[in-house]
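To start, the structure under review is shown below, and the notes come after it.
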Amino acid sequence: GLQRSNDGGRTWRILYDHTQAPGTVSRFTTLATLSGRLYAGLTNWSRSGIKLFRVGQEGAAPVVSWPEGLAVTALTAFQGWLYGVQHGESESVLWRTDGDISQSIAGFEGARVRDLAATDDSLWAVSVRTDGGDLWSSPDGVTWTRRQSFEGVQPTELTVYGGHVYMGAIGPGERGSLWGPTPPAPSEVEDAPPLLVVPGRAGGEDADAVLAALDRALAAGEGFSRDGEGLRGAV
């Protein structure tokens, strides 16, 4: 469901509660605004239907021009359009809407789009394939260019901070990784396109010692019966 607060988060009221079939689960997993209107992407892997909702003062309703599918897992506004990652039975593709009409977007060579982010002059996307993934950019949301390829790395999330693109990924190996501009990140927005790299370990505590302490806490399991108190402290 969706809840709304008019007093800075002190109190909340239910704005919309999505009716769900018995034995199934749904979640609103992404929110974005377009032209002052709030939109919400719904995830329900067990039942097809329109999964993009427009939110109003008194509730939410599906965007009727949006196609049916299983989930809308990313939403980003760019140049008067709202872009969303639309999931079907065997694919995840890009669609956009201006609130009235909706259009499918091609240009990813059949790859599965995973996430979106926008700077002032570009829309960015990451996609995944069997052996890796790719970073894409578009000046208009329609024409896409592959900017970087990642082998043995599966992109999962994309965001923009300080005008620079950052990517979360699974890999290399079994670890997660954060990719971004070569550290230290520039303080000013640059015209040159960013190339993403895995930053080195941050300074401060020795990472190996901290991870070893966490390994010991996981192995011992002490405090787990007290609602995970021991593990929470170790983390």
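Enumerate the amide H contacts of residue 119 below 5 Å, restricted to partners 5 or more residues apart or on another chain; note that Pro and chain-start residues carry no placed amide H.
Amide H neighbours of residue 119, under 5 Å, 5+ apart: 124.
Run the quick spin-label model on residue 216 and residue 174: label points 7 Å from Cα toward the beta carbon, then report their separation in nm to one decimal.
Computed distance between label sites residue 216 and residue 174 equals 2.2 nm.
Rolling a 1.4 Å sphere over the protein heavy atoms, what is the accessible area per residue of region 44-91, to the nearest Å²? Before the final figure, lay out each step's value.
Numbers: 2140 Å² over 48 residues.
With all protein chains present, region 44-91 gives 45 Å² per residue.
What span do the alpha-carbon atoms of region 72-182 cover on each of the three principal axes, reported in whole Å from largest to smallest?
44, 36, 21
Can you work out the FRET efficiency for the pair residue 101 and residue 47, with r the C-beta to C-beta distance and R0 = 30 Å, to the nearest 0.05?
Details: r = 25 Å, r/R0 = 0.84.
Working from the Cβ atoms, E equals 0.75.
Can you list which of the chymotrypsin sites (Phe, Trp or Tyr not before Pro) found in region 32-70 are DSSP loop residues with at most 13 other C-beta atoms within 10 Å? Don't skip to the end; give the middle numbers.
Values: sites: 39, 45, 53; in loops: 45.
Sparse-neighbourhood loop chymotrypsin sites (Phe, Trp or Tyr not before Pro): 45.
Please label the shape of region 119-173 as rounded, prolate or oblate, based on the square roots a ≥ b ≥ c of the eigenvalues of the alpha-carbon gyration tensor (a/c under 1.5 means rounded; beyond that, a/b larger than b/c means prolate, else oblate). Mind dumping the intermediate values first?
Details: a/c = 2.98, a/b = 1.54, b/c = 1.94.
Oblate, since a/c reaches 1.5 and b/c is not below a/b.
When ranked by the protection proxy of mean other Cβ atoms within 10 Å per residue, highest first, what sequence do the peptides 11-23, 119-131 form? Please report the intermediate quantities before stating the final value.
Working: 11-23: 10.7, 119-131: 18.5.
Highest mean packing first, the order is 119-131, 11-23.
Which shape class applies to region 13-155: rounded if a/c is under 1.5, otherwise prolate when a/b exceeds b/c and oblate if not, where a ≥ b ≥ c are the square roots of the Cα gyration tensor eigenvalues? It would help to have the intermediate numbers written out before the result.
Numbers: a/c = 2.19, a/b = 1.39, b/c = 1.57.
Here region 13-155 falls in the oblate category.
Applying 1/(1 + (r/R0)^6) with R0 = 22 Å to the Cβ-Cβ distance of residue 18 and residue 58, what FRET efficiency is obtained, to the nearest 0.05? Could you put the intermediate results ahead of the total?
Numbers: r = 15 Å, r/R0 = 0.68.
That gives a FRET efficiency of 0.90.
Hey, any idea what % of region 12-69's accessible area is carbon plus sulfur with a 1.4 Å probe?
Numbers: 1820 of 3370 Å².
The computed percentage sits at 54.
If R₀ is 22 angstrom, what is the calculated FRET efficiency for the pair residue 182 and residue 145, using the beta carbon separation as r and rounding to 0.05? Walk me through the intermediate numbers first.
Numbers: r = 21 Å, r/R0 = 0.95.
The value I calculate is 0.55.
The values are calculated or read from the model by the stated rules, or taken from the named source; none is laboratory data. Model, not experiment: these values are computed from the prediction. No Cβ is skipped: glycine too gets one built from the backbone with ideal geometry, and neighbour counts run over all protein chains shown. Only protein heavy atoms, including side chains, enter the accessible area calculation; ligands, DNA and RNA are left aside. Shrake-Rupley method; radii C 1.70, N 1.55, O 1.52, S 1.80 Å.
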